[in-house]
Amino acid sequence: MSTATAPTLTLNNGILVPALGFGVFQTPPEETVGAVEAAIHEGYRLIDTGASYMNEREVGEGIRRAGVARDEMFVETKLWISDYGYDAALHAFEKSARKLDVDQIDLLLLHQPLPSSFDRTLDAYRALETLLHDGKVRAIGVSNFMPDHLDRLLAETAVVPAVNQIEVHPYFQQTALQRLNVEHGILTQAWSPIGGITSYRGAERQTFDDPTLLEIAERHGKSAAQVMLRWHLQQSRSAIPKSTNPARIAENFDVFDFQLNDEELAAIDELDTGVRGGPEPDTITLETFGKEIPEA
Ligand SMILES: NC(=O)c1ccc[n+]([C@@H]2O[C@H](COP(=O)([O-])OP(=O)(O)OC[C@H]3O[C@@H](n4cnc5c(N)ncnc54)[C@H](OP(=O)(O)O)[C@@H]3O)[C@@H](O)[C@H]2O)c1
């Protein structure tokens, strides 16, 4: 077991979260137990899953097998749009908690705004507020909320989200949204933090081959992925890289022994293309993205 530990960030309700975590989107259930167990052995203590990833049960099993005390782990998951509405979201918490086999979830997010039915989105968030009040979750937040979604949420609900998990990598940085998050005391958590979406979605340019990143990486004796993770950490974001490959799981956690200078950080900032890899949040509807989340 590695002795490395990730630095922590403090959420707006005082809860500590490891800055660097482990993602499991697209990790098939049969590979999830092993990947999570390997990640925890490597030193990761934050695991990010989602009800729609269909691997919460295996995430729970991986955590159990790793044998680390529950209170040393930070488990986060996301409710899917099919479970929005107040009662449905309360029940969705039960489904996720049972699959994960935990009494309390550390961070529970709404996976997407549902702009065509924003009232249901708000009702789901009010359910998260109830879960927070009842101690069933330690923090609540959102994902893929753009400024207009955040503005409405803040105006119509009581608890400021602790986290907005959004697509951020060198090719798509959403700096205005990041600034808005900061203004409201909301932590930006970067999904696809090493630009995986530029690779598995077959974009023309892939972050892993970027000449600027490779040049900086060479200077530090590191990889492009490690440089991107360092960039997130030094800019005070949380990042949750995914891998099922043991060597890459280790590589992505081996980022605490070097430092990028201001010029290098600025060079990475300049790589922003403004082109989103994931779906435009406003296009998410139940018709196109709804799917049933099975009972536990
Ligand atoms: N809220 C949302 O809507 C949302 C959307 C997407 C993702 N997420 C979360 O964010 C996590 C990470 O995002 P992501 O999975 O899209 O992308 P990512 O972590 O940026 O990249 C993952 C991809 O890169 C590969 N990879 C991993 N480490 C590598 C390395 N060191 N060098 C080269 N390739 C490497 C992985 O393949 P191997 O597995 O073969 O290593 C995988 O194809 C997800 O797992 C999920 O938890 C959230």
Notebook entry, point to check: Conditions: (1) closer than 24 Å to residue 80 by Cα; (2) among the charged types (D, E, K, R); (3) part of a helix (DSSP H, G or I). Residue 138 meets all but one. Number of the miss?
Noted result: (3)
Margin query: When the residues of region 231-244 are narrowed to those that are over 19 Å from residue 48 (Cα atoms) and either among the basic types (Lys, Arg) or open to solvent by less than 50 Å² (accessible area, probe 1.4 Å) (or both), which ends up nearest to the ligand (Cβ to nearest atom)?
Written below: 231
Item checked: Number of the condition not met by residue 166 [criteria: (1) within 8 Å of the ligand (Cβ to nearest atom); (2) of a type in the set (A, V, I, L, M); (3) open to solvent by 10 Å² or more (accessible area, probe 1.4 Å)] -> (3)
Notebook entry, point to check: Given the structure, is residue 271 buried (at least 16 other Cβ atoms within 10 Å of the Cβ), in a loop (DSSP other than H, G, I, E, B) and more than 22 Å from the chain's Cα centre (by Cα)?
Noted result: no
Next item on the list: Assess whether residue 223 counts as being under 18 Å from the mean Cα position of the chain (by Cα), within 12 Å of the ligand (Cβ to nearest atom) and small (Gly, Ala, Ser).
Entry: no
Check: Tell me, which residue of region 274-296 that is more than 17 Å from residue 26 (Cα to Cα) and in contact with a strand residue (DSSP E or B) (Cβ under 8 Å, 6 or more places away or on another chain) is most open to solvent (accessible area, probe 1.4 Å)?
Finding: 275
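Kindly state which strands (runs of 3 or more DSSP E) lie completely within region 8-120 and contain at least 1 residues that are closer than 23 Å to residue 159 by Cα and open to solvent by 10 Å² or more (accessible area, probe 1.4 Å). Working first, answer last.
Details: elements: 8-10, 16-18, 46-48, 74-79, 105-110.
Ranges flagged: 8-10, 16-18.
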Next item on the list: Search region 137-150 for residues that are closer than 14 Å to residue 106 by Cα and free of Cβ contacts under 8 Å to residues at least 40 places away in the same chain and pair each with any residue that is of a type outside the set (Lys, Arg) and buried (at least 23 other Cβ atoms within 10 Å of the Cβ) when their beta-carbon atoms are under 7 Å apart and the residues are at least 6 apart or on different chains.
Entry: 140/108; 140/128; 140/161; 140/162; 142/109; 142/110; 142/161; 142/164
Check: Do we find a residue being modelled with pLDDT of 95 or more and either assigned to a loop (DSSP other than H, G, I, E, B) or under 22 Å from residue 24 (Cα atoms) (or both) anywhere in region 211-219?
Finding: no
Notebook entry, point to check: Out of (1) part of a helix (DSSP H, G or I); (2) surrounded by 17 or more Cβ atoms within 10 Å (Cβ to Cβ); (3) within 11 Å of the ligand (Cβ to nearest atom), the odd one out for residue 199 is which?
Noted result: (2)
Next item on the list: Could you check how many residues of region 245-257 are open to solvent by 20 Å² or more (accessible area, probe 1.4 Å), farther than 12 Å from residue 35 by Cβ and not in a helix (DSSP H, G or I)?
Entry: 3
Checklist line | Condition check for residue 263: open to solvent by 30 Å² or more (accessible area, probe 1.4 Å), among the acidic types (Asp, Glu) and assigned to a loop (DSSP other than H, G, I, E, B) | finding: no
Next item on the list: Please specify each residue of region 172-184 satisfying the condition of being farther than 16 Å from residue 109 by Cβ, open to solvent by 10 Å² or more (accessible area, probe 1.4 Å) and not acidic (Asp, Glu).
Entry: 172, 174, 175, 176, 178, 179, 180, 182
Next item on the list: Mind counting the residues in region 138-163 that are surrounded by fewer than 18 Cβ atoms within 10 Å (Cβ to Cβ) and touching a His at 6+ places or on another chain (Cβ under 8 Å)?
Entry: 2
Check: Got a sec? Which of 265, 187, 286 is aliphatic (A, V, I, L, M) and more than 25 Å from residue 56 (Cβ to Cβ)?
Finding: 265
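The values are calculated or read from the model by the stated rules, or taken from the named source; none is laboratory data. Nothing here was measured: the structure is a model prediction, and the numbers come from that model. All Cβ positions, even for glycine, are placed from backbone atoms using ideal geometry, and neighbour counts span all protein chains on display. Remember, those area values only see protein heavy atoms, side chains included, never the ligands or the DNA or RNA. Shrake-Rupley method; radii C 1.70, N 1.55, O 1.52, S 1.80 Å.
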